[in-house]
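Enquirer: Mind having a look at this structure? Questions to follow.
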Amino acid sequence: MRRKERQYEREMSDSGPQDRSRGRDIAFLIAGIGLGTGIALLFAPESGEEIRHAISRRYRRTVKNIGRQTENLRDRAEDLLEHAHDLREHGSRLLHFRQRETARRRA
């Protein structure tokens, strides 16, 4: 029992520096992202307004393409459902025909 308690105490005392190290790593990551963003804005070849316009243009184009693709998928799904309905009807007719033929042969 004592042995487990000592092991637990050692594990608890060792976790402190790791937590601080993780916090420091996260702080460096956030600082790096901020620094990288600032440098990118300073050296950007276009003004902020031009970049916003380009982003909005690409956004509209992407939304339009997604709309087209969605419409195409919807049309294809409708075609598949219609084809499945036709196949079901054809299968039903074949089944009834087969049953009638079997009944005629027995009679």
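The values are calculated or read from the model by the stated rules, or taken from the named source; none is laboratory data. Only a predicted model underlies this, so the values are computations on that prediction, with no experimental measurement involved. Here the Cβ positions follow ideal geometry from the backbone for every residue, glycine too, while neighbour counts run over all protein chains shown.
Enquirer: Could you say which residue among ARG100, ARG68, ARG105, ARG52 is part of a helix (DSSP H, G or I) and modelled with pLDDT of 90 or more? Spell out the reasoning first.
Expert: Working: ARG100 fails: modelled with pLDDT of 90 or more; ARG105 fails: modelled with pLDDT of 90 or more; ARG52 fails: modelled with pLDDT of 90 or more.
Among ARG100, ARG68, ARG105, ARG52, only ARG68 is part of a helix (DSSP H, G or I) and modelled with pLDDT of 90 or more.
Enquirer: Here's something else I'd like to know. What is the residue count in segment 17-49 for residues that are of a type in the set (S, T, N, Q), over 29 Å from the mean Cα position of the chain (by Cα) and surrounded by 10 or more Cβ atoms within 10 Å (Cβ to Cβ)? Steps first, answer last, please.
Expert: Taking segment 17-49 first, the residues of a type in the set (S, T, N, Q) are 18, 21, 37, 47.
Then drop every residue that is not over 29 Å from the mean Cα position of the chain (by Cα), which leaves 18, 21, 47.
Right, trim to surrounded by 10 or more Cβ atoms within 10 Å (Cβ to Cβ) and you get 21.
Going through segment 17-49 one residue at a time, the tally reaches 1.
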